[in-house]
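The values are calculated or read from the model by the stated rules, or taken from the named source; none is laboratory data. As the structure is a computational prediction, the values presented were derived from the model and not from experiment. Cβ: placed from backbone, ideal geometry, glycine included. Neighbour counts: every protein chain shown.
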């Protein structure tokens, strides 16, 4: 990683007070499934730095197929454990460690047109395996704003008041993933929150500023370093289940406060 990229990564992965408060409630290790993608390293590093600051001994473990053989070295350099695994294999899942917190980042998008059945398998079948394997854990499930239909710029974009209307097979599988996790969350009483992310605020994966920041109607109430990482980590804060399968949609990739000022919490 180039020095400039490392500097940006360290800034994005700086845990704030809310992240530290969330991590302080962990009763065990934190497992990131599909950590080899866009935001896995930044999120894992934020968690590791936060736990180190708290003096906690919990491990942060990144799980991925790691098709890039160099990527595990980047995690290991910061003291983050790695496990190479195929999450679609039930026997492999059984051998993976238990964890108090599980963040699910796995999925498939590119190549859907050429192999739609593979995308359906990875985005709907595999989540069912994961939901059953870690049903006693607290889960944060990474999803996408693609579950919504197309909107005009003038509309300001979709909100959770709008029913999903996925366009195309990839978007349909994303909604399918949510439905599968929601089903098993209700069946097992699993503490779970789904986050619909519209873009990853990473220098190597998309915009690094909020395009709506100049419009006060669209501006979020605060700017988190690495908002998608910070927002997900905070979902590990709650120990109670109000509504299994609870969803939160960070607007424009940011964590937005609810109108009453309370933050969305895992299962809260």
- Message: Against the definition (in a helix (DSSP H, G or I) and either farther than 22 Å from residue 184 by Cβ or in contact (Cβ under 8 Å) with a residue 40 or more places away in the chain (or both)), how does residue 150 come out, yes or no?
- Response: no
- Query: Scanning for something under 22 Å from residue 86 (Cβ atoms), touching a strand residue (DSSP E or B) at 6+ places or on another chain (Cβ under 7 Å) and in contact (Cβ under 8 Å) with a residue 40 or more places away in the chain, does region 112-120 turn up at least one residue?
  - Reply: no
- Item | Pick from region 71-86, criterion touching a residue at least 24 places away in the same chain (Cβ under 8 Å), out of contact with any strand residue (DSSP E or B) (no Cβ under 6 Å at 6 or more places or on another chain) and in a helix (DSSP H, G or I), ranking: farthest from residue 181 (Cα to Cα) | 74
- Query: Any residue in region 26-48 that is part of a helix (DSSP H, G or I), more than 22 Å from residue 143 (Cα to Cα), within 16 Å of the chain's Cα centre (by Cα) and modelled with pLDDT of 95 or more?
  - Reply: yes
- Query: Looking at (1) within 18 Å of the chain's Cα centre (by Cα); (2) within 18 Å of residue 32 (Cβ to Cβ), which is the only condition residue 109 fails?
  - Reply: (2)
- Does region 160-171 include one or more residues that are surrounded by fewer than 20 Cβ atoms within 10 Å (Cβ to Cβ), over 12 Å from the mean Cα position of the chain (by Cα), at pLDDT below 50 and assigned to a loop (DSSP other than H, G, I, E, B)? no
- What is the number of the single condition among (1) under 20 Å from residue 27 (Cα atoms); (2) part of a loop (DSSP other than H, G, I, E, B); (3) out of contact with any strand residue (DSSP E or B) (no Cβ under 7 Å at 6 or more places or on another chain) that residue 68 does not meet? (1)
- Message: Filter region 87-98 down to the residues that are in contact (Cβ under 8 Å) with a residue 24 or more places away in the chain, over 20 Å from residue 39 (Cα atoms) and assigned to a loop (DSSP other than H, G, I, E, B) and list them by number.
- Response: 88, 96, 97, 98
- Message: Return the residues of region 1-23 that are without any contact (Cβ under 8 Å) to a residue 40 or more places away in the chain and surrounded by fewer than 14 Cβ atoms within 10 Å (Cβ to Cβ); say none if nothing qualifies.
- Response: 2, 3, 4, 6, 7, 17
- Note on the structure: A careful count of residues in region 58-86 that are surrounded by fewer than 18 Cβ atoms within 10 Å (Cβ to Cβ) and out of contact with any helix residue (DSSP H, G or I) (no Cβ under 8 Å at 6 or more places or on another chain) gives 10
- Only one of (1) without any contact (Cβ under 8 Å) to a residue 12 or more places away in the chain; (2) touching a strand residue (DSSP E or B) at 6+ places or on another chain (Cβ under 7 Å); (3) on the phi > 0 side of the Ramachandran plot fails for residue 55. Which number is that? (2)
- Exclusive hit being modelled with pLDDT of 90 or more and part of a helix (DSSP H, G or I), set 125, 142: 125
- For region 185-201, name all the residues that are under 18 Å from the mean Cα position of the chain (by Cα) and either without any contact (Cβ under 8 Å) to a residue 60 or more places away in the chain or assigned to a helix (DSSP H, G or I) (or both). 185, 190, 194, 195, 196, 197, 198, 199
